[in-house]
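> The structure's right below; bear with me while I get my questions together.
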Amino acid sequence: GSRGTAIVAPALQALPIGFPKLIVSTVASGNTRPYVGHSDITIMYSVVDVSGLNSVSRRILSNAAHAIAGMVTPSSEFTDDRPTLGMTMFDAAKSEHDDVLLLCHGGPIAMPDDAQYIFDRVPGIDGFYGASSMERLPTEIAVTDQVRQFGDLRLANV
């Protein structure tokens with residue numbers, strides 16, 4: 001059922017974007033938004049309830065183990081093709097209509113430095129429009145700052 005998924009999902013949602021997260025559950029066949037939220041959790045359909053091992057669950061869990069192993073194994077080389085992709089799309093759109101605006105949106109852009117990286121490398125860019133993951137960043141930053149402020153408090157008699 002979904003009980004285990006409901007228990008673990010909030011903890012996984014709290015992990016940083018890019019940290020590998022995988023849930024194997026029957027909820028993958030339905031509405032996963034309550035479990036994924038605005039995070040990058042991967043949900044794999046278990047096909048059968050994960051209450052014991054059988055030929056189906058063994059195969060699914062083996063696939064899940066390989067999937068998470070692939071997620072945690074660093075790639076040998078990271079090629080940053082974001083600026084190239086942006087220019088390709090922009091050039092194609094500009095060839096159709098001269099008044100096209102080029103905006104960055106979502107993807108691997110989660111912080112201001114990420115957007116600045118694109119702005120510096122893509123000529124003609126007009127701005128940035130954040131994706132759903134952007135909605136939670138001010139909250140996360142505010143919570144982090146608040147926790148630090150409480151941690152910095154000192155008692156007067158100590």
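> Can you sort H97, H66, H38 so the residue with the fewest Cβ neighbours within 10 Å comes first?
Sorted ascending by nearby Cβ count, the order is H97, H66, H38.
> Can you list residues from other chains, or at least 5 along the same chain, whose modelled amide H is less than 5 Å from the amide H of T42?
K21, L22, I23
> At what distance in nm do the modelled label points of Y45 and A65 sit from each other, each positioned 7 Å from its Cα along Cα→Cβ?
2.3 nm
> Note the full-extension length gain between A6 and V100 as 0.36 nm times their separation in residues minus their Cα-Cα distance, in nm to one decimal.
Working it through step by step, the gained length comes to 29.5 nm.
> Using only alpha carbon pairs under 8 Å that are at least six residues apart, calculate the relative contact order of segment 3-72 and give it in whole percent.
Rounded, it is 32 percent for segment 3-72.
> Rounded, prolate or oblate: which fits segment 3-72, taking a ≥ b ≥ c as square roots of the Cα gyration tensor eigenvalues, rounded meaning a/c under 1.5, else prolate when a/b beats b/c?
Taking the square roots of the gyration eigenvalues as a ≥ b ≥ c, segment 3-72 is oblate.
> Provide the gained length on full extension for the span Q13 to M89, in nm with one decimal, where the gain is 0.36 nm per separating residue minus the Cα-Cα distance.
Contour length minus Cα-Cα distance gives 24.2 nm.
Where a number appears in this text, it was derived from the coordinates with a stated rule and is not lab data. As the structure is a prediction and not an experimental result, all values here were calculated from the model. Positions of Cβ are generated from backbone atoms using ideal geometry, with glycine treated the same way; all protein chains shown enter the neighbour counts.
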